[in-house]
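Below is one structure, written out as structure tokens; the observations come after it.
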Amino acid sequence: MRSRMWWGTTAVVLGGLLVAGCGDEGGSGDGSGDGDKASAGAEKPATGGYPVTVTDCAGAETTFPKAPGKIVTSNASSLELLLRLGAGDKVLGTGFPPGKGTLPGELDARARKVKVLAQSVIPKEKLLGSGADVYIDTFASMNMGGGMGDAPTEEEYKAAGIKHIYLKSTACAARSQRALTELSAVEADITSLGAVTGTSAKAKELVDGMKEKVGAVQKAVGKTAEAERPTYFFFDYDAGTKQPTAVCRKQIANAVITLAGARNVFADCDGDYKQVGWEDVISRNPDWIQLGVRDRGSEAANEKAFDEARKWLESNSATKGLKAVEEGHFLRIGSEQTTIAGVENADTVQKIAKALYPGKVG
């Protein structure tokens, strides 16, 4: 799948996400791979004119003759992007709301004003009756398997007057044929949402900021030979400790880890997440472990959770002998900015690289 962004005389079609999020996304993660070259031609800044046409993972088009005025988001990921774009006033409701204090500064205050339609998946009837003219879906519910809840059909969306579009860096991951090793799919989501909501200038600013941060890391460590890159395990503490949940090659976290100059020890598992055994973690014996706890809403609560995760690894008979545990190679970086598509993915790349390559990354 190699859709491209193009400009016609009557419409702007944003297909860049298909290149990175749903197509043969690849590249070495150092900015020099074929996948990067393919994406580069698709990531031209949108002009901000209407109509704007976006595509889903299968290539079906949705056209916006003007900016939508009433938006519902499926979860905190798309909500946060709209808030960062300055389109938060258009959001009338969300599912999976961000926890209090989980978004930085003013974004958190604005998120508190958005109506919560459900703490998890928005019920079908509530979504269709919400009065929205567009629903931004982070989930892969396009009859591709693994859909979230009792999702409306496309015919039902149309009957309710709701345009259904996707945060494709997440929703299209299962269709990718290669590992996710770059953030171009996330950047394309931001560009696409900016074009749809008439905030292209802000979208470009956000994407440029991400590219600058990741580019600096790549300049410093991007050419590190594969064998010399530290191995890395994302410990999803809140997913449970009895059986660990690994982030696989099609998860955003794999791109974050790779761009930071590390090797995800579970990059060989297909899909986005997979439950594994502690024996699998032990056999791969990571050099570094990220204590991936979810934001508790305050720095003190977060630090307590990080402490708990570390203590568990240090006291558990199955994990206390791991190289990373014995050497105290822990990173205290939250789950959300690592595993959920967003602007902070680039910040996490920086944080990981600074820890793994002290003195090399500014």
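The values are calculated or read from the model by the stated rules, or taken from the named source; none is laboratory data. The structure presented is a predicted model; accordingly, all values stated were derived computationally and were not measured. Every residue, glycine as well, gets a Cβ built from its backbone with ideal geometry; the counts of neighbours run over all protein chains shown.
Can you pull out every residue in region 166-217 that is closer than 20 Å to THR73 by Cβ, more than 17 Å from the chain's Cα centre (by Cα) and β-branched (Val, Ile, Thr)?
Hits for region 166-217 are VAL196, THR197, THR199.
Name the residues in region 93-115 that are exposed (fewer than 13 other Cβ atoms within 10 Å of the Cβ) and either under 16 Å from ALA132 (Cβ atoms) or in contact with a Phe, Trp or Tyr (Cβ under 9 Å, 6 or more places away or on another chain) (or both), would you?
LYS115
So if I check each of GLY26, GLY15, GLY21, GLY48, which one is in contact with a Cys (Cβ under 8 Å, 6 or more places away or on another chain) and at pLDDT below 80?
GLY21
Do you know which residues across region 305-337 are out of contact with any Pro (no Cβ under 9 Å at 6 or more places or on another chain), closer than 21 Å to TYR273 by Cα and at pLDDT below 95?
Answer for region 305-337, where residues must be out of contact with any Pro (no Cβ under 9 Å at 6 or more places or on another chain), closer than 21 Å to TYR273 by Cα and at pLDDT below 95: GLY334, SER335, GLN337.
Here are some residues: GLN251, GLN290. Which one is buried (at least 16 other Cβ atoms within 10 Å of the Cβ), farther than 20 Å from LYS354 by Cα and touching a strand residue (DSSP E or B) at 6+ places or on another chain (Cβ under 7 Å)?
Going through GLN251, GLN290 in turn, just one is buried (at least 16 other Cβ atoms within 10 Å of the Cβ), farther than 20 Å from LYS354 by Cα and touching a strand residue (DSSP E or B) at 6+ places or on another chain (Cβ under 7 Å): GLN251.
Check LYS202, LYS242, LYS211, LYS219 and return the single one that is closer than 24 Å to ALA173 by Cβ and surrounded by fewer than 20 Cβ atoms within 10 Å (Cβ to Cβ). Spell out how you get there, then give the answer.
Numbers: LYS202 fails: closer than 24 Å to ALA173 by Cβ; LYS242 fails: closer than 24 Å to ALA173 by Cβ; LYS219 fails: closer than 24 Å to ALA173 by Cβ.
Checking each option against the conditions leaves just LYS211.
For the list (1) at pLDDT 95 or above; (2) small (Gly, Ala, Ser); (3) surrounded by 14 or more Cβ atoms within 10 Å (Cβ to Cβ); (4) more than 27 Å from LYS211 (Cα to Cα), I need the number of the one condition that ALA87 fails.
ALA87 satisfies all of (1) at pLDDT 95 or above; (2) small (Gly, Ala, Ser); (3) surrounded by 14 or more Cβ atoms within 10 Å (Cβ to Cβ); (4) more than 27 Å from LYS211 (Cα to Cα) except (4).
Quickly run through region 66-81 and pick out the residues that are farther than 12 Å from GLY198 by Cβ and not in a strand (DSSP E or B).
Across region 66-81, the qualifying residues are LYS70, SER74, ASN75, ALA76, SER77, SER78, LEU79, GLU80, LEU81.
Inspect region 154-172 for any residue being surrounded by fewer than 22 Cβ atoms within 10 Å (Cβ to Cβ) and on the phi > 0 side of the Ramachandran plot and give the result as yes or no.
Yes, region 154-172 contains at least one residue that is surrounded by fewer than 22 Cβ atoms within 10 Å (Cβ to Cβ) and on the phi > 0 side of the Ramachandran plot.
Here is a check on your reading of the model: is ALA239 closer than 24 Å to LEU85 by Cβ and among the small types (Gly, Ala, Ser)?
no
For region 340-354, which positions are surrounded by fewer than 24 Cβ atoms within 10 Å (Cβ to Cβ) and not aliphatic (A, V, I, L, M)?
Those that are surrounded by fewer than 24 Cβ atoms within 10 Å (Cβ to Cβ) and not aliphatic (A, V, I, L, M): GLU344, ASP347, GLN350, LYS351, LYS354.
What's the total number of residues in region 250-267 that are at pLDDT below 95 and assigned to a loop (DSSP other than H, G, I, E, B)?
So the count comes out to 2.
Would a scan of region 245-258 turn up a residue that is without any contact (Cβ under 8 Å) to a residue 40 or more places away in the chain, small (Gly, Ala, Ser) and on the phi < 0 side of the Ramachandran plot?
The answer is yes; a qualifying residue exists.
Any chance region 58-67 includes a residue that's on the phi > 0 side of the Ramachandran plot, without any contact (Cβ under 8 Å) to a residue 60 or more places away in the chain and not aliphatic (A, V, I, L, M)?
Yes, region 58-67 has at least one match.
Working only within region 294-320, note down all residues that are in contact with a helix residue (DSSP H, G or I) (Cβ under 7 Å, 6 or more places away or on another chain) and either loosely packed, with under 13 Cβ neighbours inside 10 Å or outside the structural domain of GLU279 (by TED's automatic domain parsing) (or both).
Matches in region 294-320: LYS320 only.
Can you list the helices (runs of 4 or more DSSP H) lying wholly within region 268-362 that have 2 or more residues being within 22 Å of the chain's Cα centre (by Cα) and charged (D, E, K, R)?
344-356
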